[in-house]
Every structure is written in C-alpha cells, then in structure tokens.
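Just below is one structure, and these are the notes that go with it.
The values are calculated or read from the model by the stated rules, or taken from the named source; none is laboratory data. Since the model is a prediction, treat every value here as computed from it, not as a measurement. Virtual Cβ from ideal backbone geometry, glycine too; neighbours counted across all protein chains shown.
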Amino acid sequence: MLKRFLADRLQKSMAQYPSVALLGARQVGKTTLAKTIAKHQNTIYLDLEAPEDLLKLSDPGSYLSGHGDKLVILDEIQRAPDLFGVLRGIIDKNRERGRKAGQFLLLGSASMDLLRQSSESLAGRISYIEMSGLNVLETGHNRDALLNLWFRGGFPDSYLADDDALAMDWQENLIRTYLERDVPQMGFRVPANRLRRLWTMLAHNQGETANCSKLGGNLEIDGKTVSHYIDILVDLLLVRRLEPWHNNVKKRLIKSPRFYIRDTGILHRLLGIDDYESLLSNPVLGKSWEGFAVENIHSVLPRRAETYYYRTAAGAEIDLVINFSSAETWAVEIKHGVAPKLGKHFSSTCEDVGATHKYVVYGGDDEFPVGDGVTMISLPRIMEKLRSKG
C-alpha cells in the first residue's frame, strides 16, 4: 500500500493520543489513507463540506457522544473550528471512562490556521502529522517514474494521468479551485487574479528569498499585504517557507526565509511548462529539481527533525541543513545532473553549521565518496537513510 511509512506513523499516534490531525493539501489522498486505516475498525466518517453531514452535527456534543465507542473521522476540520471545544469535552469524559486513545481522526487542508484553532482546546490531547504527495520511494526507483513524478508533481490524479497534457489540465483545475473556492471559504478576502500573480511570481523565484516590497510594487499593493498573501499559501500547504540557519557564526548571514512551490506539478503549470522536454530548456530547471528534492526529503523526515538553509552574505551556502539533535546535523547540497560540480568551499561551509554528515544529492543513481567526508548520493538513497531514522 502507498504511504505505508505514513500509515504506520499515523497508527502509532492513534494508539497513543485521543485525537490525531492528518494535515495535507487538498486532493493529496488524506481521505483515502484515513479510510484504508480505519476499514477494520468501527468508524463514523463525516465530511464537513457535505451539507448532510453538517446537519448531523447541529448538536455536535450529543451526536458525537452517541458514537463514543467508534473512531470518528472528521474531514476538512478547518471548516468547523467550533468543534474543537466540543471534542475536548468528549475526550475528557471518555478518559474518565478509561478510553484514552484513538477517538478522533481529524483531516485538514490547512496547516498553521488549524494549529492555532486547536492548540488551546486540545493541548496534550492531539498529535499532528503532515501528509505530502507521492514521493519517489512510493512510485518506484526507476528513472522514468522519478522524472514523471518530478514533472507532474505528487498529487495522485496528476501523476497517474494518461499524459502530460491531462496532468497539466488537472493542475490548472486544482489551482483555480484553490483561488476561486478554497481561499474565499477560508475567510480570506483576496482577489483570485492577484493571488495567482503572486503565486506565479514565487514560482519564477523558486527557492529564493522574497522581497515583499518589490513584489508588492508589481502587484500594486504594499509589502505587508504581500506577506499576508504568502502566509495564506503557506498555511494551505502550497508553499514551503524554509527558515535560515540561525545559530551564531562569525559571518554575515542571509536572514530572510526561502520559499518553494511545494508541488512541482503546480510549479510547472504556473510557469506554463507543458512537458518534460520544455522543462529541460527552462531557466527554472535547477531550482525545480532542488524544490522537488527538498519536498521528497521532508516527506520522510523524523518528526523531531528541523530543517533550514544556510547562506552567507558572501554567497557560501548549503541548500538544506537537517538538525536531528545537538550531536547530529546533516548538510545537504542539491545539484541537478549526473556529473555536478561541487563548490570548492562546500566542506568548510559545512563546518559552519557543525555538520556531522555531508551529502550532495545529484541526478544519478549511485552513492560514492568524493573527498573531504562528502558523499554524492541519489535522491532515493538519501530518502532511504532518512526513513530508517524515523
């Protein structure tokens, strides 16, 4: 079964916590995974976008208490934030009766907004798990599958489309759904065409810092509004904000976050790249691969791992710094192609962040040392190493 790694993590959390929130972008497969896990349990499934299911929750305390012996799956939970207080009361009552875990599975298509709504009501009673799209370990290690996933992105319906044109049509429909329906339903008053222009600007600057004032000038809005719009895309799990390495070093550091369009299928659709051959000649090629690698790596990271990027004002950089503990830090540079050139100062730059492991993820299939403790490694191989740590 796809997502076995995530399914195991989800089941462990459900065995420990009374409620678990599975967060991921729309259409990424949360509902399918939740129903697959729950098919051997006594389960109630409610879609909070369905009027008939919302009607059942007219008196949520009575309805949910009447199903106290079941696992209750609440889909699109961010649509009904008032439920969090009700869930807390039911969880506490069930705890008094001896039931401590596996009561509620909450599915959400927003990240930070959902965390803010639930953190106070369900503190100590909930575990959060993020679900990405398909990754290279799930679609197979052969090169054709990897390249197909890279171009079409990790949404199952896009990846499994009959051809690239249909995949890009699906991506276009997804983009419009977010802009014209989901963003307004979340309560954000943002003109759809303006948000799409900003989203496209971020795509052109994939993996770079964002100058909100400059972007605002192009959009005829102020920098604070641009920052707010970017926050919306981050909260909807469509854009990743990668913070800079912040430990003290005796060098001037870039201190602004980098931004990545999280799904490369969306990235390519926003940029009007219609097929893989067109991607190969596009200036975004290297940054597209970098973002693809960053997302795939995040999909298998242990839950307590922290990620950053590192760049000095002089230009020395590390694409991804993964901190596991005070005793273990990985420095990961990401290069497109099968024979990439490594900067001569990479090893010394790794010392700035206290790296215990130094990797260069490249476009080939092997793993081999290249001197100074640096290992050249394929994307699937480094993901296997990371997954074994989780």
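All but one of (1) touching a Ser or Thr at 6+ places or on another chain (Cβ under 8 Å); (2) in contact (Cβ under 8 Å) with a residue 60 or more places away in the chain; (3) not hydrophobic (A, V, I, L, M, F, W, C) hold for residue 359, so report the exception by its number.
Every listed condition holds for residue 359 apart from (2).
Show the residue pairs meeting these rules: Cβ distance below 6 Å; 6+ apart or different chains; first residue within the range 254-277 and within 16 Å of residue 299 (Cβ to Cβ); second residue outside any loop (DSSP other than H, G, I, E, B) and among the basic types (Lys, Arg).
260/240; 262/240; 265/152
Keeping to the range 121-135, report how many residues are free of Cβ contacts under 8 Å to residues at least 40 places away in the same chain and in contact with a helix residue (DSSP H, G or I) (Cβ under 8 Å, 6 or more places away or on another chain).
1
Condition check ((1) loosely packed, with under 14 Cβ neighbours inside 10 Å; (2) among the aliphatic types (A, V, I, L, M)) across all residues:
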{"site": "294", "(1), (2)": "no, yes"}
{"site": "338", "(1), (2)": "yes, yes"}
{"site": "346", "(1), (2)": "no, no"}
{"site": "357", "(1), (2)": "no, no"}
{"site": "363", "(1), (2)": "no, no"}
{"site": "372", "(1), (2)": "yes, no"}
{"site": "380", "(1), (2)": "no, no"}
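Which of the numbered conditions does residue 378 fail, given that it passes all the others? Conditions: (1) modelled with pLDDT of 95 or more; (2) polar (S, T, N, Q); (3) within 20 Å of residue 306 (Cα to Cα).
(3)
Return the only residue of 321, 360 being within 17 Å of residue 208 (Cα to Cα) and in contact with a strand residue (DSSP E or B) (Cβ under 7 Å, 6 or more places away or on another chain).
321 is the lone residue from the list that is within 17 Å of residue 208 (Cα to Cα) and in contact with a strand residue (DSSP E or B) (Cβ under 7 Å, 6 or more places away or on another chain).
Answer with yes or no whether residue 234 is touching an Asp or Glu at 6+ places or on another chain (Cβ under 6 Å), in contact (Cβ under 8 Å) with a residue 24 or more places away in the chain and not basic (Lys, Arg).
No: the conditions fail for residue 234.
Somewhere in the range 99-112, is a residue over 17 Å from the mean Cα position of the chain (by Cα) and in a helix (DSSP H, G or I)?
Within the range 99-112, not a single residue is over 17 Å from the mean Cα position of the chain (by Cα) and in a helix (DSSP H, G or I).
Any idea which of (1) small (Gly, Ala, Ser); (2) modelled with pLDDT of 90 or more; (3) under 21 Å from residue 8 (Cα atoms) is the one residue 102 doesn't satisfy?
(2)
List the residue pairs whose Cβ atoms are under 9 Å apart, where the first residue sits in the range 29-40 and is under 9 Å from residue 73 (Cβ atoms), the second is among the aromatic types (Phe, Trp, Tyr) and surrounded by 14 or more Cβ atoms within 10 Å (Cβ to Cβ), and the two are 6 or more positions apart or on different chains.
31/45; 34/45; 35/45; 38/45
Identify, from the list 76, 138, the residue that is without any contact (Cβ under 8 Å) to a residue 60 or more places away in the chain and within 27 Å of residue 235 (Cβ to Cβ).
Just one listed residue meets the conditions, 76.
Going residue by residue through the range 175-194, is there one that turns out to be farther than 22 Å from residue 77 by Cα and in contact (Cβ under 8 Å) with a residue 60 or more places away in the chain?
No, the range 175-194 contains no residue that is farther than 22 Å from residue 77 by Cα and in contact (Cβ under 8 Å) with a residue 60 or more places away in the chain.
From 328, 367, grab the single residue that is farther than 20 Å from residue 290 by Cα, of a type outside the set (Gly, Ala, Ser) and in contact (Cβ under 8 Å) with a residue 12 or more places away in the chain.
328
Condition first: under 13 Å from residue 275 (Cβ atoms) and either among the charged types (D, E, K, R) or touching a strand residue (DSSP E or B) at 6+ places or on another chain (Cβ under 8 Å) (or both). Now tell me which residues in the range 156-168 satisfy that.
Within the range 156-168, 163, 164 qualify.
Do we have residue 248 as loosely packed, with under 14 Cβ neighbours inside 10 Å, at pLDDT 95 or above and either basic (Lys, Arg) or over 18 Å from the mean Cα position of the chain (by Cα) (or both) here?
no
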